Amino acid sequence: MLTFKKHISEILEHAIHKQFGADSLTAKDICSMLEYPPDSAMGDLALPCFKLSKILKIAPPKIATSLCDALSGYETLCSALVQGGYLNICIAPVYLIESILTKIESDREKYGSSSQGSGKTVVLDYASPNIAKPFHIGHLGTTVIGHSLKLLHEFAGYHCVGINHLGDWGTQFGKLIVAYRKWGSREKIEAGGIDALVELYVKFHAEAEKDDNLNQAARDEFKKLEENDADNIALWKWFIDISNREYDVTFAQLGITFDSYAGESFYTDKMPEQVKKMREKNLLVIDDGASIVDLSAYNMPPCLILKRDGGTLYPTRDIAAAVYRKRTYDFDKCIYITSAGQSLHFAQWFKVVELMGYDWFEQLVHVPYGTVSIGGEKLATRTGNVVLLKKLFAQAIEKVRARIEEKNPGLTDKDAVAEAVGVGAVVFHYLYNSRIKDINFVMEDALSFEGNTGPYAQYTYARTCSVLEKAGEIPKAEAKITASEEGEVLKILSRFPEKVQTALAEYEPSVITRYAIELCTAFNRFYHNCPILTAEDAAVRATRLRITKACGIVIKSALRLICLRTPEKI
């Protein structure tokens with residue numbers, strides 16, 4: 001549709017210039033005015049002429065009629081009609097075949113991609129779990145939204161650097177060290193892994209409510225860690241190793257790898273340079289012993305840079321990390337995918353970077369997403385109110401495995417397929433709604449395979465594969481469209497490049513998720529209403545097989561962009 005809109009806009013631009021002399025109007029301006037009618041009976045595209053009326057000082061119906069006449073010579077592209085002040089445009093079937101179907105067949109998995117990011121680098125900071133805390137449903141957002149945005153940028157030609165900025169520094173390690181020495185043992189931790197570390201962390205908070213001295217002890221142990229105490233460093237590295245063993249399993253299930261695992265601790269020796277620069281710029285102010293940057297002139301609270309004891313904080317580390325990434329990767333954009341609850345934090349240190357004189361501050365982008373709650377209550381590792389991702393994935397995989405045994409017991413690679421569909425169900429469920437929407441997590445909803453779900457989309461892709469496998473080689477024949485369902489599928493296929501552009505511009509994977517459902521629904525309607533393998537007319541059969549193949553190509557691309565695998569048999 002992006003190409004079709006471009007063609008139409010260029011024709012209309014020429015007509016407007018010729019008939020009304022409005023040379024300042026460009027095809028890009030006109031393209032932005034085009035809309036999709038709420039009812040397909042009103043056409044595939046509509047141009048409301050009311051905005052043009054204000055510019056041209058001519059009644060909307062007269063403009064629409066004039067432009068309709070201008071399109072009359074383009075029968076192989078479209079047909080048009082006037083309804084009041086609207087110019088309604090219908091795509092010609094021959095265009096759908098010659099321009100859309102043939103392009104998908106030639107571009108295959110590259111259909112919908114672009115070179116807009118050629119020569120540009122995007123750094124994406126996502127996932128970034130806190131060491132010694134297991135992946136739970138609250139971590140899924142940053143991980144799958146972030147990776148989807150990485151895949152979308154790569155699809156648009158950008159060079160992408162995915163960074164897993166591990167939360168491997170901070171007072172929580174002082175807490176864990178205290179808890180380990182009081183109540184833990186190496187044998188229990190090695191046997192229990194990250195779950196055993198969480199038990200210690202939860203116990204520390206429970207005991208600290210009764211004895212506040214534990215909090216000071218934790219601060220003291222973290223200070224020793226910052227001062228490179230050998231025993232504390234050894235424990236810290238061990239906690240990281242224990243945690244990464246589990247994280248690697250989760251990332252493997254999601255099909256995610258990173259280009260860098262540099263966590264907060266990596267920037268310890270890089271922070272003093274940035275603190276010095278802030279002092280040289282006279283940005284730092286002492287407030288109750290702490291060093292802050294006053295942001296009241298920008299309607300924000302102060303940004304805390306150093307604690308009273310000289311310890312660093314998140315803004316200090318984030319600023320040092322951003323400078324390092326700019327120097328290392330020379331990014332055109334550095335994108336941070338975190339909960340919307342951190343929006344103020346990013347706004348504050350982005351402003352500090354600007355005040356420090358770094359001219360690339362506008363290349364820093366925060367992409368927030370909504371919160372996840374369980375039963376209306378906030379997630380919290382310290383209280384145990386979480387749904388662990390590994391348990392959620394395990395339940396989903398088990399459910400798919402049982403269904404495979406019931407419906408297709410002879411399927412090979414049952415375990416791999418069950419994992420692809422089970423994990424895909426959870427990811428798709430998460431990415432279906434706008435990223436900024438808050439989610440009250442309900443296990444039954446995430447594991448449902450009915451309706452607009454990942455399994456539905458994956459089953460549809462497998463259906464296209466099955467049809468093509470039974471058909472064998474698609475014979476050469478003149479294309480022939482005889483049913484409305486065929487044209488509807490092709491129109492939806494034509495919109496894929498535009499959906500990719502929208503998802504990129506809005507940093508919104510749900511655009512692709514919802515498009516996948518729209519395409520799958522249209523294909524299944526086509527599949528049920530239009531005989532494919534049994535079509536009597538050879539040209540009709542060949543055309544329907546080509547449409548089936550095109551659907552498979554685009555469904556697979558769409559699902560890949562939202563982190564889903566596509567088994568050919570389920």
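Note on His528 and Asp445: their simple-model spin labels are 2.6 nm apart, each label 7 Å out from Cα toward Cβ.
Evaluating 6.51 cos²θ - 1.76 cosθ + 1.60 at θ = phi - 60° for every residue in the stretch 81-93, the Karplus couplings come out as 8, 10, 10, x, x, 10, 9, 9, 10, 10, 6, 6, x Hz, glycine and proline recorded as x.
Shown here for the stretch 349-456: trypsin sites (Lys or Arg not before Pro) in loop regions (DSSP other than H, G, I, E, B) with at most 13 other Cβ atoms within 10 Å, namely Lys437. Dividing the summed helix terms, -39500 (n - 2.57) for each DSSP H run of n ≥ 4, by the number of residues in the chain produces a 222 nm estimate of -17500 deg cm²/dmol to the nearest 500.
Straight-line reach from Lys175: which lysines fall under 16 Å, measuring Cα to Cα and dropping same-chain residues less than 8 apart? Leaving aside lysines fewer than 8 places away in the same chain, those within reach of Lys175 are Lys133, Lys203, Lys210, Lys223, Lys224, Lys237.
For the Cα atoms of the chain, what angle does the longest principal axis make with the long axis of helix 389-407, in degrees from 0 to 90, nearest 10? It works out to around 40 degrees. Among the trypsin sites (Lys or Arg not before Pro) in the stretch 1-58, those located in a DSSP loop and surrounded by at most 13 other Cβ atoms within 10 Å of their own Cβ are Lys57. Between Ser128 and His165, the built amide H atoms are under 5 Å apart, and every one of these is 5 or more places off in sequence or on another chain. Axis of helix 2-20 versus longest Cα principal axis of the chain: the two differ by about 60°, to the nearest ten degrees. Residues whose amide H comes within less than 5 Å of that of Ile337, counting only those at least five positions distant or on another chain, are Asp125, Val367 (H built at 1.01 Å from N in the peptide plane).
With respect to the chain, whose longest principal axis is taken over its alpha-carbon atoms, helix 510-529 is tilted by about 40°.
In order along the stretch 135-151, the Karplus-derived 3J(HN,Hα) couplings, from 6.51 cos²θ - 1.76 cosθ + 1.60 at θ = phi - 60°, round to 5, 10, 4, x, 7, 5, x, 4, 6, 7, 5, x, 5, 4, 5, 5, 5 Hz, and Gly and Pro are given as x. Once both labels are positioned 7 Å from their Cα atoms along Cα-to-Cβ, the gap between Asp413 and Arg108 label points is 1.7 nm.
Taking 8 Å as the Cα distance limit and 6 or more residues as the minimum spacing, I'd like the relative contact order of the stretch 389-561 as a percentage.
Working: 174 pairs, mean separation 43.2, N = 173.
Contact order relative to length: 25 percent.
The Cα center of the stretch 120-182 and the Cα center of the stretch 214-273 differ in position by 12 Å.
Rounded to the nearest Hz, the phi-derived 3J(HN,Hα) couplings of the stretch 431-445 under the Karplus curve 6.51 cos²θ - 1.76 cosθ + 1.60 (θ = phi - 60°) are 8, 6, 9, 3, 4, 7, 6, 6, 10, 9, 5, 10, 3, 4, 5, where x marks glycine and proline. Of the GluC sites (Glu not before Pro) found in the stretch 175-209, those in coil by DSSP whose Cβ has at most 11 other Cβ atoms within 10 Å are Glu209. Scanning residues 5 or more positions from Asp44 or on other chains, those with amide H under 5 Å from its amide H are Ile89, Cys90, Ile91, with H placed 1.01 Å from N in the peptide plane.
Pairs of Cα atoms nearer than 8 Å and 6+ residues apart set the relative contact order; for the chain it is 15 percent.
Does anything in the stretch 1-37 have its amide N under 17 Å from the 7 Å Cα→Cβ label point of Leu81, and if so which residues? Zone members listed by number: 37. Lysine pair count for the stretch 389-561 with Cα-Cα distance under 18 Å and sequence separation of 8 or more or different chains is 12.
Note on the chain: with charges restricted to the Cβ of Lys and Arg (+1) and Asp and Glu (-1), its dipole about the Cα centre is near 460 debye.
Grab the other residues whose beta carbon is less than 15 angstrom from that of Asp415, score K and R as +1, D and E as -1, and report the net. Working shown, then result.
Working: positive: Lys399, Arg401, Arg403, Lys414, Arg565, Lys569; negative: Glu398, Glu405, Asp413, Glu419.
Local charge sum for Asp415: +2.
With a cut-off of 9 Å between beta carbons, the residues surrounding Ile397 carry a summed charge of -1, where Lys and Arg count +1 and Asp and Glu -1.
Computed from the C-beta positions of His159 and Lys378 and an R0 of 41 Å, the FRET efficiency is 0.65 to the nearest 0.05.
FYI, it's all coordinate maths here, none of it is from the lab. None of these values were measured; they are calculated from a predicted model. Heads up, the Cβs are rebuilt from the backbone with ideal geometry, glycines too, and the neighbour counts pull from every protein chain shown.
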